[in-house]
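Colleague: Below you'll find the structure I mean.
The values are calculated or read from the model by the stated rules, or taken from the named source; none is laboratory data. No experiment lies behind these values; they were computed from the predicted model shown. Here the Cβ is made from the backbone with ideal geometry for all residues, glycine too, and neighbour counts use every protein chain on show. Quick note on the areas: whole protein, heavy atoms, side chains included, nothing else; ligands and nucleic acids left out. Shrake-Rupley method; radii C 1.70, N 1.55, O 1.52, S 1.80 Å.
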Amino acid sequence: MTAPTALVTEDTDSSGSTEHDDGSALAKLRRLVRDRTRFDDTDVNGVNETCVAQGLTIDATHALEARLESVGITGRSQPTGKGAQPSRSAITDAASDTGHRLNLGLDLLYTKLQNPATVYDELRDGLWLPAEAIHVELHRCSPCYGKGRVTCYTCSGSCTEICYNCGGAGRTSCTWCSSTGKVMCTRCSGTSTVTVGSMEYYTEQVWLGDRYDSQTKSRWVEKQVACNCSYGRVNCSYCVGQGRIGCVRCSTTGTITCRTCTGMGDLVCEPCEGSGRVGTAAWVEVHHKVKYGQNWLSPIDQRANEIGRRADVHAIASESGGLALAELHRTKDGMSGAVLAGYRGELDVLHLDVTHGEQNYHVVAYGVNRQWLDLNHIIRDLLNGDLEALRSALVSADTSGHAKARKERLTGPLRDVVESELNTALVEATLDGRSLVELHTLVSADYAEKLKDALLSALKRIYDDVAMHTWWQMPLVCSLVALATWQLNHPYWAMLPAVCALPMSLGLLHFQSSRVFESTLGDQARSDKALQYVRKAKHHRKGLWLHLLPSLLVLALSVVGAARQYTADRSSPVSSAPLARLGGDATLRQAMADCQSKTFAKARPALQRLAEQGNAQAYSCLAQALWEKSRNEQGPSSTSDRLAARDWALRAVDALPEDTEALLLAGQLTTMANQSPANVAKGVAMLKRAAAKGNGEAMHTLGLMYIMGGQIPKDSTQARHWFTEAANTGRADDMYNLGLMDWRGEGLPGPDKARARQWWNKAASHGDARARQALAQEGLDSH
């Protein structure tokens with residue numbers, strides 16, 4: 001069993017590397033050192049090599065089981081074909097086939113295993129013999145009595161069901177009046193009173209220069225009278241005051257066609273799928289399952305049991321010199337049986353004594369491929385120097401030095417570690433997050449853990465050093481670009497480089513660290529895995545903050561500047577802003593200039609195009625241009641232009657809430673005749689906002705609305721207030737209106753003609769012709 005083997009001295013070239021490989025354990029060890037480390041294989045010298053042929057047995061237990069399978073069927077899903085057989089009792093007939101099928105399966109298995117060409121593990125688990133015959137049993141379906149259809153469970157065969165819309169009542173609640181039968185009176189808008197106006201004639205004494213003369217004059221008088229409705233409400237015209245209307249779903253019948261059976265009254269029987277027959281199909285299948293076991297034959301090598309713990313039965317079998325069938329027998333028990341197969345073979349176990357430097361080592365290999373049971377400390381001693389150099393570099397990097405110098409001190413030792421293929425395997429396993437146990441046959445667990453810790457520490461420090469070296473570059477470039485853009489009078493565009501500062505800075509960090517990792521670890525794939533591992537372990541947070549804070553500072557400064565510019569732009573309306581404030585858009589500047597010169601027809605196409613592109617500064621001018629067009633034209637197009645003007649004015653108010661011209665125009669267009677109360681209220685609110693900002697035209701419009709009382713209730717006090725506010729801005733027509741109100745005594749206990757003359761004198765001094773005419777009629781001088 002034991003055969004000592006003389007060691008072969010291998011020829012070497014001038015560099016000391018091995019020229020040929022004789023297949024011995026020593027040659028494989030030297031090839032391992034040469035191929036999987038960065039050291040010279042001649043450092044390892046052989047002393048003695050012994051080969052032991054260890055006998056072994058492998059037992060394979062092949063178990064067969066006959067399984068009776070069954071499934072419910074219908075007349076539509078019954079099996080057909082050569083194997084389908086009608087039966088009175090499918091389960092019983094199928095059970096009678098069990099013994100025959102099991103015996104046939106055992107015979108086939110026994111014959112297969114006797115064949116010398118059959119490998120010990122060739123037979124897999126699974127179906128061994130499929131069904132030979134399928135026994136089919138069918139009988140009449142009980143739920144439908146063999147007819148295939150059953151009465152509909154919803155309508156019980158009546159073909160109709162209660163209407164789900166009205167619940168069978170035939171009538172539903174009226175949605176117009178909410179089932180009350182009453183709606184708000186449109187004549188009085190729910191107030192129970194209406195304003196009625198009439199012409200009133202009266203006589204007044206007039207001084208003609210030398211005498212008084214009586215003249216008949218007229219005036220329009222409005223008064224509130226009771227509406228002929230019932231407390232502001234009238235009968236609903238849709239339900240004629242009843243609160244309920246006929247159900248349109250069932251045409252007031254209360255029933256609809258059954259939705260389950262679609263009016264047929266019956267349904268397809270589910271158990272038999274409409275065939276009228278149900279039953280069972282049964283058959284027998286034979287399934288195979290195999291188990292393996294391995295044992296050593298005496299005498300047992302001192303390391304054989306350790307090999308058995310290290311490798312499974314299939315690994316040992318693949319490394320053995322060959323397996324031969326030694327015994328075969330079969331058993332049967334009820335619906336199961338087994339065939340037991342025993343195989344014998346030999347496994348070469350090689351014991352090798354070598355020297356490395358002044359150290360002696362004993363290593364063991366086994367199998368035809370010379371699998372290592374262990375290598376003790378030979379490989380670790382070769383690799384430990386590089387690992388200690390890396391750990392010393394880590395200690396040195398933590399003490400002092402510039403970021404770039406620390407990075408260069410780390411990359412060299414790390415590159416030396418990775419150049420050894422065994423270390424590369426550890427690096428790959430570490431970066432992939434795999435266990436290092438599978439590599440302990442070549443290096444110890446202690447060495448693997450030390451290398452793992454040193455690798456992760458080096459990657460983290462290299463990443464931090466790259467971040468320290470690059471954190472300021474992109475924020476500085478982006479801040480300079482943003483500053484140049486700001487100086488070119490593009491404050492909003494200056495935010496773009498500020499927004500790009502963070503992604504560009506992080507991109508630079510990723511690029512630089514990836515390049516350093518690639519040059520150190522050997523290829524791009526390991527570099528990508530290293531970056532992923534650094535992020536997954538959250539070792540990148542320091543570098544992330546180093547790049548995040550300056551980029552956010554650049555962005556914050558840009559946002560503050562843009563916000564101040566935006567506030568300045570919105571603080572003054574577009575109509576009063578200098579044309580230079582409109583930026584570099586020449587089309588917009590020309591269109592605004594045309595609007596200021598009242599040439600709306602020329603400006604309208606450009607304003608339309610700019611507004612449709614979303615330019616908020618064009619909304620108000622486009623609304624004014626469309627309003628002027630509707631006033632100068634007649635017909636349906638005038639109405640559409642007026643509605644379009646109102647819509648653009650409202651959009652201008654939404655886009656520029658502080659633009660008084662937009663508020664004025666939107667308020668005027670939404671309070672015109674034939675507007676809903678909601679629109680009128682909204683328009684009055686916008687007019688008041690414009691008036692509160694000092695717009696005299698808005699004050700004048702509010703005064704006219706309150707004195708006339710067309711769209712809103714007449715209120716002389718409010719009219720006097722707004723006329724006064726407008727007159728204080730220097731509007732002569734509102735001074736005349738205040739004088740007229742004082743002359744008539746509107747909003748006062750009685751007429752105050754003296755104050756009326758004062759207002760008319762003031763209006764005449766501002767050039768109002770009506771005030772001069774009123775003063776002349778009274779025989780007064782306008783001055």
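Colleague: Tell me the label-point distance for the pair D523, M199, using the 7 Å Cα-to-Cβ offset, in nm and rounded to one decimal.
Modeller: Here the answer is 10.5 nm between the modelled labels.
Colleague: Now a separate question. How large is the dipole of the stretch 688-742 about the Cα centre if only Lys and Arg carry +1 and Asp and Glu carry -1, each at its Cβ, rounded to the nearest 20 debye?
Modeller: With Lys and Arg at +1 and Asp and Glu at -1, about 220 debye.
Colleague: Separation between the R124 and N384 pseudo-spin-labels, each 7 Å from Cα along Cα→Cβ, expressed in nm?
Modeller: Output for this residue pair reads 4.7 nm.
Colleague: Please work out how much accessible surface E137 shows to a 1.4 Å probe, ignoring ligands, DNA and RNA, in Å² rounded to 10.
Modeller: 40 Å²
Colleague: Moving on to the next point. Could you rank the peptides 330-339, 224-233, 526-535 by their average count of other C-beta atoms within 10 Å per residue, with the highest value first?
Modeller: 526-535, 330-339, 224-233
Colleague: Accessible area of M474, 1.4 Å probe, to the nearest 10 Å²?
Modeller: Answer for M474: close to 40 Å² accessible.
Colleague: Taking the Cβ of A169 as the center, what net charge do the other residues with Cβ under 15 Å away carry, scoring Lys and Arg +1 and Asp and Glu -1?
Modeller: Around A169, the charge tally is +2.
Colleague: Sequence neighbours fewer than 8 away in the same chain don't count; with that in mind, list the lysines whose C-alpha is under 25 Å from K289.
Modeller: Qualifying lysines at Cα under 25 Å: K112, K332.
Colleague: Can you find, among L347, G81, A644, the residue sitting farthest towards the positive end of the charge dipole of the chain, where Lys and Arg contribute +1 and Asp and Glu -1 at Cβ?
Modeller: Projecting each Cα onto the dipole axis, the largest value belongs to A644.
Colleague: Full extension from Y238 to Q302: what is 0.36 nm times the residue separation minus their Cα-Cα distance, to one decimal in nm?
Modeller: Length gained, Y238 through Q302: 12.5 nm.
Colleague: Here's another thing I want to ask about it. State the extension gain, in nm to one decimal, for the chain segment bounded by R249 and E327, taking 0.36 nm per residue of separation less the distance between their alpha-carbons.
Modeller: Answer, rounded to one decimal: 19.6 nm.
Colleague: Of E49, E204, E327, E633, which has the most accessible area with a 1.4 Å probe, and how do the rest follow in descending order?
Modeller: E327, E633, E204, E49
Colleague: Next question, about the same structure. Straight distance only, please: which lysines reach the Cα of K460 with their own Cα at less than 30 Å, same-chain residues fewer than 8 apart left out?
Modeller: K404, K407, K450, K452, K529, K536, K538, K542
Colleague: Hey, what number do you get for the chain at 222 nm if only DSSP H runs of n ≥ 4 count, each worth -39500 (n - 2.57), divided across all residues, to the nearest 500?
Modeller: Helices in the chain give a 222 nm mean residue ellipticity of -15000 deg cm²/dmol.
Colleague: Another question, then. If packing is taken as the average count of other Cβ atoms within 10 Å, what order do 81-88, 507-514 fall into, highest mean first?
Modeller: The peptides rank, most packed first, as 507-514, 81-88.
Colleague: Also, quick follow-up: Can you compute the charge dipole magnitude of the chain about its Cα centre, using +1 on each Lys and Arg Cβ and -1 on each Asp and Glu Cβ, nothing else charged? Give it in debye, rounded to the nearest 20.
Modeller: 5480 debye
Colleague: Starting from 0.36 nm per residue, how many nanometres of slack lie between D432 and S396 once their C-alpha separation is accounted for?
Modeller: 10.1 nm
Colleague: Something else: Can you list the aspartates and glutamates whose alpha carbon sits under 14 Å from that of K217, skipping same-chain ones fewer than 8 residues off?
Modeller: By straight Cα distance, K217 reaches E200, E204.
Colleague: Right, here's the next one. Using only Cα atoms, locate the centre of the stretch 648-676 and the centre of the stretch 711-752, then give the distance between them in Å, rounded to an integer.
Modeller: The two parts, judged by their Cα centres, are 24 Å apart.
Colleague: So, one more: Go through the stretch 91-145 and name the trypsin sites (Lys or Arg not before Pro) that are in a DSSP coil and have 11 or fewer other Cβ atoms within 10 Å of their Cβ.
Modeller: Those that pass, being in a loop and sparsely packed, are R124.
Colleague: Then there is this: Given the pairs K602/K688; K223/K693; K223/K629; K629/K714; K602/K682; K693/K714, which span a C-alpha to C-alpha distance of over 26 angstrom in this model?
Modeller: Violating the 26 Å Cα-Cα cut-off are K602/K688; K223/K693; K223/K629; K629/K714; K602/K682.
Colleague: Another one. First obtain the Kirkwood hydrodynamic radius of the stretch 102-175 from its Cα pairs, then insert it into the Stokes-Einstein equation at 4 °C and 1.567 mPa s, and state the resulting D in µm² per second as a whole number.
Modeller: The estimated diffusion coefficient comes to 65 µm²/s.
Colleague: Hey, another quick one. I need the per residue convex hull volume for the chain, using only the alpha carbons, in cubic angstrom as a whole number.
Modeller: 358 Å³
Colleague: Over all alpha-carbon pairs of the stretch 649-716, lay out the pair-distance distribution in 5 Å bins, whole %, shortest bin first.
Modeller: Bin by bin from 0 Å, the calculated values are 4, 21, 30, 26, 14, 5, 1.
Colleague: Positive end of the charge dipole of the stretch 66-200 (Lys, Arg +1 and Asp, Glu -1 on Cβ, about the Cα centre): tell me which of T195, P143, V183 has its Cα farthest that way.
Modeller: It is T195.
Colleague: If you don't mind, there's one more thing I want to ask. Mind giving me the nanometre distance, one decimal, between the label points for R140 and S179, set 7 Å out from Cα along Cα→Cβ?
Modeller: 5.3 nm
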